[in-house]
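Student: Let me begin by handing over the structure; questions about it come next.
The values are calculated or read from the model by the stated rules, or taken from the named source; none is laboratory data. From a predicted model like this one, the values you see are computed outputs, not experimental measurements. Cβ placement follows ideal geometry from the backbone for every residue including glycine, while neighbour counts extend to all protein chains displayed.
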Amino acid sequence: MLKEYFKKVGIKRVLMTLIGNIFIGLGIGIFKLSGLGNDPFTAMNMSLSECVNLEYAHFQVIFNLCLFVIQWFFGREFIGIGTIVNACLLGYIVTFFYNVLYALTGAPQGILLQVVTVFIGVIICSFGLSMYQTSDVGVAPYDSLSLITKKYLPKIPYFWHRILDDGLATLVSIAAGGIAGGMIGIGTLVSAFGLGPFIQFFNKYCSEKLLRNKEEIGK
């Protein structure tokens, strides 16, 4: 069954989603390293995981399983290998990159360097999100939310759907003590309003062109 699935979707699309998730994990690790807050979904999961005293990576898997119910009923076309990779492995990829980066560089010192680190994290995350969403082999339950609302409200640009989801995640994190715990900060606001536009940019000028080129080469 797996062999037939990979043959149907194409190994190149699978590689795109794997590479995309690696970049997402790296970007989120950089966010955390900045000390200025995490991206909205990570901030929400970290805040809630502290409330229930459960390790972040484990909690993220459980929370994704809850969101998967929504994805199953309203966005089943967005389920695939990318859903499993992102929902089950991303938390551990983030932890790996953060530990490696912190061991190599330590936390950035000074507000200017911290802000620069945040923007680097936004760009890397956006590129990774664009890669794995454009590969069209499934997205994580949280990322499917903006795609589902985009499907039902197609006249509204995608980045507004993404901003709404990230804004709601930020509010949940604040309610769960994210500000006091350092989960919410400048980085959260930048990513909440920056991820959508950057993802759309990378979709148009990178990921979609890369996918077309790969498929043309594969013919």
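Student: Within region 153-161, is there a residue that is surrounded by fewer than 24 Cβ atoms within 10 Å (Cβ to Cβ), of a type in the set (A, V, I, L, M, F, W, C) and within 19 Å of residue 12 (Cα to Cα)?
Tutor: Checked region 153-161: no residue is surrounded by fewer than 24 Cβ atoms within 10 Å (Cβ to Cβ), of a type in the set (A, V, I, L, M, F, W, C) and within 19 Å of residue 12 (Cα to Cα).
Student: Working only within region 147-198, note down all residues that are farther than 30 Å from residue 53 by Cα and at pLDDT below 85.
Tutor: 158, 159, 194, 196, 197 - these are the residues of region 147-198 that are farther than 30 Å from residue 53 by Cα and at pLDDT below 85.
Student: Go over the candidates 113, 90 one by one and state the one that is under 16 Å from the mean Cα position of the chain (by Cα) and in a helix (DSSP H, G or I).
Tutor: Answer to the check: 90.
Student: Going through region 52-61 one residue at a time, which ones are in a helix (DSSP H, G or I) and surrounded by 13 or more Cβ atoms within 10 Å (Cβ to Cβ)?
Tutor: Selection gives 56, 57, 59, 60, 61.
Student: Right, another one. In this structure, does residue 130 turn out to be in contact with a Pro (Cβ under 9 Å, 6 or more places away or on another chain), assigned to a helix (DSSP H, G or I), buried (at least 22 other Cβ atoms within 10 Å of the Cβ) and of a type in the set (Gly, Ala, Ser)?
Tutor: The answer is no for residue 130.
Student: Let me ask another. Does residue 49 fit the bill of being without any contact (Cβ under 8 Å) to a residue 60 or more places away in the chain, buried (at least 19 other Cβ atoms within 10 Å of the Cβ) and over 11 Å from the mean Cα position of the chain (by Cα)?
Tutor: Against the criterion (without any contact (Cβ under 8 Å) to a residue 60 or more places away in the chain, buried (at least 19 other Cβ atoms within 10 Å of the Cβ) and over 11 Å from the mean Cα position of the chain (by Cα)), residue 49 qualifies.
Student: Could you identify the single residue in 62, 93, 11 that is touching a residue at least 40 places away in the same chain (Cβ under 8 Å) and among the β-branched types (Val, Ile, Thr)?
Tutor: After ruling out the rest, the residue left standing is 93.
Student: Here is a further query. Which residues, counting only those in region 119-168, are charged (D, E, K, R) and closer than 23 Å to residue 94 by Cβ?
Tutor: Across region 119-168, the qualifying residues are 143, 162, 165, 166.
Student: Which one of 83, 42 is at pLDDT 90 or above and either farther than 19 Å from residue 185 by Cα or not aliphatic (A, V, I, L, M) (or both)?
Tutor: Testing whether each residue is at pLDDT 90 or above and either farther than 19 Å from residue 185 by Cα or not aliphatic (A, V, I, L, M) (or both) leaves just 83.
Student: Within region 207-219, take every residue that is loosely packed, with under 15 Cβ neighbours inside 10 Å and not in a loop (DSSP other than H, G, I, E, B) and give me the one that is modelled with the lowest pLDDT.
Tutor: Across region 207-219, the extreme among qualifying residues is 217.
Student: What number of residues in region 62-98 are farther than 28 Å from residue 151 by Cα and buried (at least 17 other Cβ atoms within 10 Å of the Cβ)?
Tutor: The qualifying residues number 5.
Student: Please verify whether region 183-199 includes one or more residues that are within 26 Å of residue 15 (Cβ to Cβ), surrounded by 23 or more Cβ atoms within 10 Å (Cβ to Cβ), of a type in the set (A, V, I, L, M, F, W, C) and within 14 Å of the chain's Cα centre (by Cα).
Tutor: Checked against the condition, which is being within 26 Å of residue 15 (Cβ to Cβ), surrounded by 23 or more Cβ atoms within 10 Å (Cβ to Cβ), of a type in the set (A, V, I, L, M, F, W, C) and within 14 Å of the chain's Cα centre (by Cα), region 183-199 yields at least one hit.
Student: Right, next: Consider residue 147 against the criteria (1) in contact (Cβ under 8 Å) with a residue 60 or more places away in the chain; (2) more than 15 Å from the chain's Cα centre (by Cα): it satisfies all of them except one. Which criterion is unmet?
Tutor: (2)
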